[in-house]
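Asks: This is the structure I have questions about; it appears just below.
The numbers here are math on the coordinates, done by the rules we state, and not lab data. Note that this is a predicted model, so its numbers are computed, not measured. Quick reminder, even Gly has a Cβ in these numbers, built from the backbone with ideal geometry, and neighbours come from all protein chains shown.
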Amino acid sequence: MRKSSHTLRLSLFAAPLVFLFAARILSAQAAGVIGDWQDPTQSIIHIDRCGTDICLWLVALGPAAPSLVDIHNPEPPQRNRALCGLQIGSGFALLDTNHAAGGMLYDPKTGKTYRGKMTAEGAKLNLRGYVGIPLFGASETWTRHTGTVGPCKTAH
């Protein structure tokens, strides 16, 4: 009986520690710029490492996406390529978990490419695309996407 009582007390002590440890791991995974984000068109962008850099891919098109193909691309041969799966950001350096800078962002809504930086603040990702210096640019806020990402549509 004594051994069983000791085991029960140890289990009651260890269970909350295991729970706190697991919660901390999950919150660390959800923090920072890396992950899935929803833009204002409700499209989903996946941000992850690509080699030593951070890159962005368009992995699901929202209902307000301008098109299924890259119709605004300044290079005519590229205007028929699917937006689904398109890499729209590259070359970002991860400064810390919540900040990445020095990369390039392609905006399929305009067909323009900008220098960029991004900052994660909880469930929000603030992006700044600019030409030259950050003062000359525009900002957009994305929200963290926590659901599953279904397959992209690649044709009309």
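Asks: Would you mind finding the one in Thr148, Thr143, Thr97, Thr113 that is within 14 Å of the chain's Cα centre (by Cα), surrounded by 13 or more Cβ atoms within 10 Å (Cβ to Cβ) and among the β-branched types (Val, Ile, Thr)?
Replies: Sole residue among the options that is within 14 Å of the chain's Cα centre (by Cα), surrounded by 13 or more Cβ atoms within 10 Å (Cβ to Cβ) and among the β-branched types (Val, Ile, Thr): Thr143.
Asks: While we're looking at this one, here's another question. Within region 94-145, which residues are among the aliphatic types (A, V, I, L, M), without any contact (Cβ under 8 Å) to a residue 60 or more places away in the chain and touching a strand residue (DSSP E or B) at 6+ places or on another chain (Cβ under 8 Å)?
Replies: Residues satisfying the conditions are Leu95, Ala101, Met104, Leu105, Ala123, Leu127, Val131, Ala138.
Asks: Is there any pair linking a residue in region 78-91 that is buried (at least 16 other Cβ atoms within 10 Å of the Cβ) to one that is among the aromatic types (Phe, Trp, Tyr) and in a strand (DSSP E or B), with Cβ under 9 Å and at least six apart or on different chains, and which?
Replies: As it stands, the answer is Leu86/Trp57; Leu86/Tyr106; Ile88/Trp57; Ile88/Tyr106; Gly89/Trp57; Gly89/Tyr106; Ser90/Tyr106, since those pairs meet every condition given.
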